[in-house]
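The values are calculated or read from the model by the stated rules, or taken from the named source; none is laboratory data. Just so you know, these numbers come straight off a predicted model, no measurement behind them. These area figures cover heavy atoms from the full protein model, side chains too; ligands, DNA and RNA do not enter into them. Shrake-Rupley method; radii C 1.70, N 1.55, O 1.52, S 1.80 Å.
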Amino acid sequence: MLALDVNEVSHHFGDFCALDKVKISIKPGDFTVLLGLNGAGKTTLYSLITRLYNNKTGLINIYGHNVRDNSTEALKHIGVVFQQPTLDLDLSIDENLQYHSALHGIPKREAKIRIKNEIKRIGMLDKIKMKVRSLSGGQRRRVEIARSLIHKPKLLLLDEPTVG
């Protein structure tokens, strides 16, 4: 079974064709980088995979689950770091990660353990109670990556991971 299977996916913005019959197959454990010029459609593809946009053509499967027909099951297998920051600047690191854990249905006791482990992994345990607003861009990005791993996804998607 493929971790990600994108088959014959096209996407248009009005008359503009952003993607034309894209095919990508990624096996579990693979490390894959998508490179291209600005405007090449990388973020559009990412938005289709994560269901920010609805794919009208082709198929997108995550671990065998079609994102259009069974998005809940498909999306629970992925961790996502978007190109634009999505942390709440007025919450602490801990509060941001607690909120994200709750969205994934992780019980509070388990969430505390997972949050501590991820924040420790990124070397920011001493900053866990700090407001995100007070962090540098790089520190915020590390917190976003930690957040994407809280629910132990099988597939991690990073759009412009070095931004910040």
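What the table shows:
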read-out	value
Using θ = phi - 60° and Karplus 6.51 cos²θ - 1.76 cosθ + 1.60, couplings along the stretch 95-102 (whole Hz; Gly, Pro as x)	5, 4, 6, 5, 4, 4, 4, 4
Those lysines that a straight Cα-Cα span of less than 26 Å connects to K21, excepting residues fewer than 8 apart in one chain	K42, K56, K76, K154
Estimated vicinal HN-Hα couplings, Hz - the stretch 21-35 in sequence order (Karplus 6.51, -1.76, 1.60; Gly, Pro = x)	6, 6, 10, 9, 10, 10, 7, x, x, 6, 10, 10, 10, 9, 10
Antiparallel content of DSSP bridges confined to the chain, in %, to 5	80
By accessible area with a 1.4 Å probe, ligands and nucleic acids excluded, highest first: order of E8, E118	E8, E118
Residues of the stretch 1-105: accessible area per residue with a 1.4 Å probe, Å²	59
In Å², nearest 10: area of T43 left accessible to a 1.4 Å probe	60
Max mean-square fluctuation residue, GNM over the chain, Cα-Cα springs under 10 Å, options D126, D15, D90	D15
Nonlocal amide H pairs with V80, under 5 Å, H built at 1.01 Å	L157
Amide H within-cut-off set for A18, under 5 Å, with H built and near neighbours excluded	H11, H12, F13
Whole-angstrom gap from the stretch 44-88 to the stretch 126-154, using each part's C-alpha centre	21
Whole-Hz couplings from phi, Karplus 6.51/-1.76/1.60, listed for the stretch 103-114; x for Gly and Pro	4, 8, x, 7, x, 3, 4, 5, 4, 4, 5, 5
Amide H contacts of D88 (H built 1.01 Å from N, under 5 Å, at least 5 apart or other chain)	none
Which of F82, F13 is most accessible, then next, and so on - probe 1.4 Å	F13, F82
All Cα pairs of the stretch 1-95, percent lying beyond 17 Å	54
Among L87, L48, L34: highest mean-square fluctuation, GNM of the chain, C-alpha pairs under 10 Å	L34
